[in-house]
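Input: a single structure, listed below in structure tokens.
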Amino acid sequence: MKALLWEGVNELAVRDVPDPRIVNEQDAIIKVTRTVTCGSDLHLIGGYVPFMQRGDVLGHEFVGEVVEVGPGVRRHSVGDRVVVCSFISCGRCWYCAQGLTSLCDNGNTNPAITEALWGSAPGGVFGYSHAMGGFAGSHAQYIRVPYADHGAFPVPEGVSDERALFASDSAATGWMGADMGGVKAGDVVAVWGAGAVGQMAARAAMLLGAERVIVIDRYDYRLRMTERHVGAETLNYEQTDVATELRERTGGRGPDVCIEAVGMEAHSAGPQYLYDQVKHQLRLETDRPIAVREAIYNCRKGGTVFVLGVFAAVVDKFPLGALMNKGLTLRAAQQHGHRYIPMLLDRMARGELVTEYLATHTMPLDQGPDGYRLFKEKLDGCVRAVFLPN
Ligand SMILES: NC(=O)c1ccc[n+]([C@@H]2O[C@H](COP(=O)([O-])OP(=O)(O)OC[C@H]3O[C@@H](n4cnc5c(N)ncnc54)[C@H](O)[C@@H]3O)[C@@H](O)[C@H]2O)c1
Ligand SMILES: [Zn+2]
Ligand SMILES: [Zn+2]
């Protein structure tokens, strides 16, 4: 079969690889109909997560058709249309029972790396380096889905593949940020990053009753899209002073909940950017926490900062003093999609959650390396590139 492979830092190629096969009795093989790029892939492609190997198949967000099931699969049959959570978790361990499925004790078959790095290992992820299990990704014609009864969800009849695709990861991630960030009716919520994850967090905050939602980025095309499709307010941090604007729009208090949807490759207009970028590129710090710092400084006293952006290890100049003295709650997580996906699919079926507009570019898998270039460089109005492998 054809697959999009990581061939070294910023090098991608589409090549033939062996077809996946059933390994465990709870596996299913899915024929991928649509798979999409994610900001997390950019961190992997750029070499910021140093556990990729040449020839790894990328991709963790996808919809498809079940073509084979292992003898232990009960809920799916050949021919079913499913969307699959990007995280691999068992559905049975202590963490899965708490709904903290990205922390599953059994999903990562290669836990030694993250145990050494973070103290204990979270679950596995498709196409997301050997630190997260070394599973083959979804930018391929077929994929093996472990724990298929738990990780694959039937797509309701009225929901298109184009829409359901985003339940796999970005809509679930955004929903988690607003939900676990504690957004409630009447809140003012600020979101850093107007990628698909930030836009989905903003949409979730609105559906959870936030009074005002303000999304911050520097790409006008993304901000215009957020205004049009999400209905949120926006701020371009290259054109306005974010701190002043946020204070003005919140009666001087600051947002109740600040959601960071940028991650380790953040950009900044200020001089600290050069400092962070040099240290990041020399691998003297593993991450650039620019938007996390801003969220902490701008959050109202006693408010909550939720970090959705992915970070690998250590950061510099973390404003612990502001966090402590302002009495903030800081939360973060990889997405616990399994607990949200059925609800998201229902909202998609009712038309409350529209996602297909995020797919600004759709192309055959063969053009995947071009799609990633548009997505990485934010060219041609790209928010997400969707690949059609079959
Ligand atoms: N927690 C999870 O489970 C989960 C799931 C999916 C993605 N992610 C992470 O979420 C982050 C965003 O993903 P995405 O797919 O939307 O990425 P993206 O690259 O499409 O968008 C990121 C956006 O952040 C903006 N940005 C950069 N620096 C900024 C700053 N200082 N202030 C405000 N905006 C800034 C960029 O201009 C860009 O529009 C990534 O780190 C990704 O790895 C996390
Ligand atoms: Zn993702
Ligand atoms: Zn589990």
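If we keep just the residues of the stretch 218-237 that are over 15 Å from T355 (Cα atoms) and assigned to a helix (DSSP H, G or I), which is farthest from ligand 1 (Cβ to nearest atom)?
By that ranking, first place goes to R224.
Please go through the stretch 292-303 and pick out each residue that is within 20 Å of the chain's Cα centre (by Cα) and among the β-branched types (V, I, T).
The one that is within 20 Å of the chain's Cα centre (by Cα) and among the β-branched types (V, I, T): V292.
Applying the selection to the stretch 325-359, what residues are of a type outside the set (V, I, T), in contact (Cβ under 8 Å) with a residue 40 or more places away in the chain, more than 17 Å from V230 (Cα to Cα) and crowded, with 18+ Cβ neighbours inside 10 Å?
Q334, Q335, H336, G337, H338, R339, Y340, L345
Check G174, G151, G195, G182 and return the single one that is in contact with a strand residue (DSSP E or B) (Cβ under 6 Å, 6 or more places away or on another chain) and within 16 Å of ligand 2 (Cβ to nearest atom).
G151
Any residue at all in the stretch 347-356 that is within 14 Å of ligand 1 (Cβ to nearest atom) and either farther than 19 Å from A164 by Cα or outside any loop (DSSP other than H, G, I, E, B) (or both)?
As a first pass, look at the stretch 347-356 and keep what is within 14 Å of ligand 1 (Cβ to nearest atom): 355.
From the residues that got through so far, the ones that are either farther than 19 Å from A164 by Cα or outside any loop (DSSP other than H, G, I, E, B) (or both) too are none.
No: zero hits.
Give the number of residues within the stretch 132-182 that are within 14 Å of ligand 1 (Cβ to nearest atom) and not in a loop (DSSP other than H, G, I, E, B).
Selection size over the stretch 132-182: 16.
Kindly provide the set of residues from the stretch 61-118 that are out of contact with any Phe, Trp or Tyr (no Cβ under 8 Å at 6 or more places or on another chain) and aliphatic (A, V, I, L, M), ordered by number.
V63, V66, V69, V73, V78, A97, L100, A112, A116, L117
Within the stretch 289-304, how many residues are at pLDDT 95 or above and in a loop (DSSP other than H, G, I, E, B)?
Final tally of qualifying residues: 5.
Mind checking whether some residue in the stretch 36-52 is of a type outside the set (K, R), at positive phi and more than 15 Å from ligand 1 (Cβ to nearest atom)? Show your work before the answer.
First, pick out the residues of the stretch 36-52 that are of a type outside the set (K, R): 36-52.
Filter again for at positive phi, leaving 47.
Then keep just the ones that are more than 15 Å from ligand 1 (Cβ to nearest atom); that gives none.
Within the stretch 36-52 (the criterion being of a type outside the set (K, R), at positive phi and more than 15 Å from ligand 1 (Cβ to nearest atom)), the answer is no, since none of the residues qualifies.
Kindly list the number of the only condition in (1) away from ligand 2 (no atom under 16 Å from the Cβ); (2) not in a loop (DSSP other than H, G, I, E, B) that fails for F51.
(2)
The values are calculated or read from the model by the stated rules, or taken from the named source; none is laboratory data. Computed from a prediction, not measured in an experiment: that's the story for all the values here. Counting neighbours? That spans all protein chains shown, and the Cβs are built from the backbone with ideal geometry, glycine included.
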